[in-house]
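Reading through the structure tokens given below for one structure.
No lab work stands behind these numbers, since they all come straight from the coordinates. All figures in this text were calculated on a predicted structure; none of them were measured in a lab. Here the Cβ is made from the backbone with ideal geometry for all residues, glycine too, and neighbour counts use every protein chain on show.
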Amino acid sequence: MRVGRPVKALPHPNCDYCGAPATLARAGDEIYPYRDNHGSLWICVNCQAWIGVFPRSTRNVPLGRLADARLRELKAKLHAMLEPLAQAKVRRDGCSIFEARAKGLKWVTQQIGAELAEKGSIHSLDAEQCEGAIAIIERFEQERSGYPSDSD
Ligand SMILES: [Zn+2]
């Protein structure tokens with residue numbers, strides 16, 4: 001029998017924009033982009049792109065791909081659009097909000113033909129996928145409300 005534990009490779013993400021290895025930063029570090037503590041972040045300073053780590057991860061496993069300003073904005077918008085759908089599902093089906101969020105995200109990513117990473121997180125989507133998902137929800141809302149679209 002072997003003695004000692006195998007050394008796990010640390011996840012060390014590369015920037016999705018320039019390909020350079022990201023740097024792990026903690027609140028208070030010079031390159032840390034927020035004044036408040038949002039937990040550790042993998043950052044590409046050149047691209048001003050970053051992603052958080054799983055809250056209880058001792059190995060600083062990234063939540064998904066690094067996100068630049070545009071992708072951060074799109075993720076926030078998509079999240080804000082999914083949240084009322086998730087809350088409606090909780091009221092209707094009595095499931096947990098976590099389950100409702102996961103199912104909502106899965107539904108919309110299936111609609112755009114995207115595959116979620118194993119954790120099923122919004123952070124695995126890129127900007128185009130976020131835009132596609134936002135368009136799907138907008139269309140869904142429009143159809144459901146029954147009002148004619150005045151955009152075309
Ligand atoms: Zn970069």
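Okay, here's what the table says:
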item: In the range 10-21, residue farthest from residue 124 (Cα to Cα) [restricted to those that are assigned to a loop (DSSP other than H, G, I, E, B) and more than 8 Å from the ligand (Cβ to nearest atom)]; result: 10
item: Residues of the range 55-84 satisfying the condition of being away from the ligand (no atom under 15 Å from the Cβ), out of contact with any Gly (no Cβ under 7 Å at 6 or more places or on another chain), over 20 Å from residue 115 (Cα atoms) and not acidic (Asp, Glu); result: 56, 57, 58, 59, 60, 80, 84
item: Leading residue by the ranking (farthest from the chain's Cα centre (by Cα)) among those in the range 29-47 that are within 12 Å of the ligand (Cβ to nearest atom), in a loop (DSSP other than H, G, I, E, B) and surrounded by 14 or more Cβ atoms within 10 Å (Cβ to Cβ); result: 45
